[in-house]
1. So, by mean Cβ neighbours within 10 angstrom, what's the order for 48-55, 91-98, 108-115 with the highest one leading?
2. Accessible area per residue of the stretch 3-134 at 1.4 Å probe, in Å²?
3. Considering only VAL65, VAL79, VAL24, give the residue with the highest GNM mean-square fluctuation for the chain, with springs between Cα atoms whenever their separation is below 10 Å.
4. Which shape class, rounded, prolate or oblate, goes with the stretch 23-108 when its Cα gyration tensor gives a ≥ b ≥ c as root eigenvalues, a/c under 1.5 marks rounded, and past that a/b bigger than b/c marks prolate?
5. Please give the charge dipole size of the stretch 8-149, origin at the Cα centre, charges +1 on K and R Cβ atoms and -1 on D and E Cβ atoms. Round to the nearest 20 debye.
6. In the chain, what percent of the accessible surface is made up of carbon and sulfur (1.4 Å probe, ligands and nucleic acids excluded)?
7. Which one of GLY124, SER136, MET72 is farthest out on the positive end of the charge dipole of the chain, using unit charges on Cβ (Lys, Arg +1; Asp, Glu -1) and the Cα centre as origin?
8. Ordered by residue, what ³J(HN,Hα) values in Hz, to whole numbers, does the stretch 96-108 give under the Karplus form 6.51 cos²θ - 1.76 cosθ + 1.60, where θ = phi - 60° and Gly and Pro are x?
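The values are calculated or read from the model by the stated rules, or taken from the named source; none is laboratory data. The shown structure was predicted, so the numbers you read here are calculated from the model rather than taken from an experiment. Methodologically, a virtual Cβ is constructed for each residue, glycine included, from the backbone with ideal geometry; neighbour enumeration extends over all protein chains shown. With ligands, DNA and RNA removed, areas are computed over all heavy atoms of the protein, side chains included. Shrake-Rupley method; radii C 1.70, N 1.55, O 1.52, S 1.80 Å.
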Amino acid sequence: MNIKRSPWLLHYDGSSCNGCDIEVLASLTPVYDAERLGVVNTGDPMQADIFLITGGINAQNAPVVKQLYDQMPRPKVVVAVGVCACTGGVFKDTYNILGGADTVIPVDIYVPGCAARPQSIIDGIIQAVDLFQKRSNEHDELVKNQKGANI
C-alpha cells in the first residue's frame, strides 16, 4: 500500500460478549501485527481516522457511539466488526438491542463473524485504509480547489 500517513484506529466495544474485542486485540498483537499495515491504535476520537466498532447498539451506548463518530475529523471510515456490530446478531430481536452500528452512524465496511477472525479483521482494516486514503485524497483535492477559488 502507498499511504501518505498512518491512519489512527479507534476501537469501541458497543455491547458485545467480548469475543470480537479479544479478536481485535489479537489482530493488533505481534502474532498478526495489524500495525504493520500502517495503522496506529488510539483512544482519542479527535485523533482517529478509522472507527472500529464491535457489539450491538443499545439505548445506552447509542449516544456515545454517535458522539465518538462526531468527534472524529473528516475524512473518516467506520468498520463494524462481528455480526452484532453488523446487524445486532443473535440479540437483534431482544428488547435492549436497537441493531447494528448502522442504526446510529454510517458504516463503510462490514466484517461478519461470531467472533470475527483476526484475518477477517485485518482484511477489513486493509479495506478501511484503502478507503481512508481515497477519501483523504478527495478531501485534499477539494481543499486545494477551494483555496484556488478564493484567490
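1. By packing density, highest mean first, the sequence is 48-55, 108-115, 91-98.
2. 47
3. Between VAL65, VAL79, VAL24, it is VAL65 that shows the largest mean-square fluctuation.
4. Because a/c hits 1.5 or more and a/b fails to exceed b/c, the stretch 23-108 counts as oblate.
5. It comes to approximately 260 debye.
6. After summing per-atom areas, the C and S share lands at 54 percent.
7. Positive-most Cα among the choices belongs to SER136.
8. Karplus values, whole Hz, x for Gly and Pro: 9, 10, 7, x, x, 4, 6, 6, 10, 10, x, 9, 9.
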